[in-house]
Amino acid sequence: MKKLTIYILSFIIVGLTACKTKTTINQDEAGAVITDYLKANPEYKTTRFNFGEIKFNSTNDMFELGKYKTLASKGLVTLDLKAAKKKFLSKDSSFVYQITLTDKASPLVLKQDRDKATVKVVEYVLADEKPVDFSQVNSSTAKVTVSLKMNTTDFEPFDKDANKNSNFITKTYKLKLSKDEGWKVQK
């Protein structure tokens with residue numbers, strides 16, 4: 001009877017250890033999971049961009065017009081002068097431009113209304129180095145902090161709250177183990 005009990009217990013122990021799934025993740029695997037996530041769900045910063053018929057009056061508006069002319073030289077918008085009122089010996093001349101977005105701007109435009117558009121100002125991409133901080137919380141979750149580089153777009157001069165204190169950000173992602181799909185970023 002003792003032998004039978006030992007055989008049954010050893011069979012159960014072997015069966016349980018053989019059925020145990022791999023629940024650990026290392027730094028390279030975590031980096032690969034986050035890279036795949038960022039390809040499917042890119043991180044970016046946006047701003048509102050005005051287009052259509054815009055009037056430029058004062059010298060401050062001329063600085064704004066310079067931003068639009070830079071975009072026009074890159075082929076992202078077209079500028080058509082509709083009206084110009086030059087005041088004799090005055091700096092306060094007024095110009096009315098019709099500004100339209102071109103097809104070249106479409107990858108950077110997220111949402112477009114009648115005379116405003118939401119455009120990408122900064123795109124964040126994963127830095128070439130490994131994750132900054134990696135910790136496995138328990139057998140099915142892990143926290144990974146990564147460094148994301150800032151890539152500015154051509155619409156960056158229109159960003160009203162541009163904080164240029166650094167050229168990267170750090171972001172923490174929570175990874176969760178799914179039985180069907182493996183390690184995934186939890187939203």
- Message: Can you find, within the range 158-187, the residue that is modelled with the lowest pLDDT among those that are farther than 30 Å from residue 140 by Cα and open to solvent by less than 60 Å² (accessible area, probe 1.4 Å)?
- Response: 162
- Mind checking whether some residue in the range 9-28 is surrounded by fewer than 12 Cβ atoms within 10 Å (Cβ to Cβ) and modelled with pLDDT of 85 or more? no
- Task: Mind counting the residues in the range 72-126 that are assigned to a loop (DSSP other than H, G, I, E, B) and closer than 30 Å to residue 150 by Cβ?
- Result: 6
- Query: Of the residues that make up the range 101-114, is at least one closer than 30 Å to residue 184 by Cβ and open to solvent by less than 50 Å² (accessible area, probe 1.4 Å)?
  - Reply: yes
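Please specify each residue of the range 29-61 satisfying the condition of being part of a helix (DSSP H, G or I) and open to solvent by 60 Å² or more (accessible area, probe 1.4 Å).
Of the range 29-61, the ones part of a helix (DSSP H, G or I) are 29-40, 59-61.
Answer for the range 29-61, where residues must be part of a helix (DSSP H, G or I) and open to solvent by 60 Å² or more (accessible area, probe 1.4 Å): 29, 36, 39, 40, 59, 60.
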- Item | Search result, residues across the range 115-126 that are open to solvent by 30 Å² or more (accessible area, probe 1.4 Å) and over 22 Å from residue 164 (Cβ atoms) | 115, 116
- Message: Can you pull out every residue in the range 127-156 that is open to solvent by 40 Å² or more (accessible area, probe 1.4 Å), under 14 Å from residue 25 (Cα atoms) and not in a loop (DSSP other than H, G, I, E, B)?
- Response: 133, 134, 135, 136, 143
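The values are calculated or read from the model by the stated rules, or taken from the named source; none is laboratory data. From a predicted model like this one, the values you see are computed outputs, not experimental measurements. Virtual Cβ from ideal backbone geometry, glycine too; neighbours counted across all protein chains shown. In case anyone asks, the SASA skips ligands and DNA or RNA and just uses the protein heavy atoms, side chains included. Shrake-Rupley method; radii C 1.70, N 1.55, O 1.52, S 1.80 Å.
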